[in-house]
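Working notes for the structure below.
Computed from the coordinates by the stated procedures, all read-outs in this text should not be read as laboratory data. Every value quoted in this text rests on a predicted model; they were computed, and no experiment measured them. No Cβ is skipped: glycine too gets one built from the backbone with ideal geometry, and neighbour counts run over all protein chains shown.
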Amino acid sequence: MAIKRMDHAGYVVTDLAAAVAFFVELGMEVEGETTVEGTWVDQLVGLSDVKANLAFLRTPDGHSRLELSTFLSPESTAKPTAAPVNTPGIPRITFLVDSLDDTYSRLQRHGATLVGEIAQYEDIYRYCYLRGPAEVIIGIVEELR
């Protein structure tokens, strides 16, 4: 049996409103927000007494979705860290944008910082990784052809 599609990717963040604003500035559209709790959530995530606020966003083409979540309980004892991109298990999502410079400039107003430098591969594309809210890493790539 084959998969039907990738449904969504997700990040846990500490400030849901700031994370939503960051990804809306990137160009994603809010699908909806909700709070989840109860036995089914506890079973799903392997924790007890879970209560979390969620926001779902989608890309303008409607093909990709992102879930942002903030756990109200149980409180996490871990803090966001700026782990290097070669750390196993570090998620990152890459977005194709019209203008890397414009997108980076707009995201800086939401706290985005470069992980390395803006790099160019031949005359094909420009690419960079950015850190956003809760140290999430995203890539933005601009096609040059």
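Details
- C-alpha center-to-center spacing [the range 96-124, the range 17-89] in angstrom: 23 Å
- Loop GluC sites (Glu not before Pro), the range 94-145 (other Cβ atoms within 10 Å of the site Cβ: 11 or fewer; DSSP): Glu117, Glu122
- Most mobile of Ala52, Ala19, Ala78 in a GNM of the chain (Cα contacts under 10 Å): Ala78
- The chain - mean residue ellipticity at 222 nm from DSSP helices (-39,500 (n - 2.57) per run, n ≥ 4, rounded to 500): -5500 deg cm²/dmol
- Space enclosed by the convex hull of the alpha-carbon atoms of the chain, per residue, Å³: 149 Å³
- GNM remark for the chain: springs join alpha carbons under 10 Å apart, and the peak mean-square fluctuation among Pro88, Pro80, Pro60 falls on Pro88.
- Sorted into 5 angstrom bins from 0, the C-alpha pair distances of the range 1-56 split as 4, 15, 21, 22, 16, 14, 7, 1 percent.
- In loop segments of the range 1-73 as defined by DSSP, the trypsin sites (Lys or Arg not before Pro) with at most 11 further C-beta atoms inside 10 Å of their C-beta are Lys4, Arg5.
- Relative exposure of Phe95, Phe23, judged by other C-beta atoms within 10 Å (fewest first): Phe95, Phe23
- Label zone at Ala82 (point 7 Å along Cα-to-Cβ), backbone N below 11 Å, the range 120-145: 131-132, 135
- Neighbour-limited loop hits for GluC sites (Glu not before Pro), the range 1-95 (at most 14 other Cβ within 10 Å; DSSP other than H, G, I, E, B): Glu75
- For Thr103, the shell of other residues with beta-carbons less than 14 Å away shows a net charge of -3, using +1 for Lys and Arg and -1 for Asp and Glu.
- Beta bridges assigned by DSSP with both partners in the range 92-143 are antiparallel in approximately 70 percent of cases.
- Net charge of neighbours whose Cβ lies under 13 Å from the Cβ of Leu144, counting Lys and Arg as +1 and Asp and Glu as -1: -4
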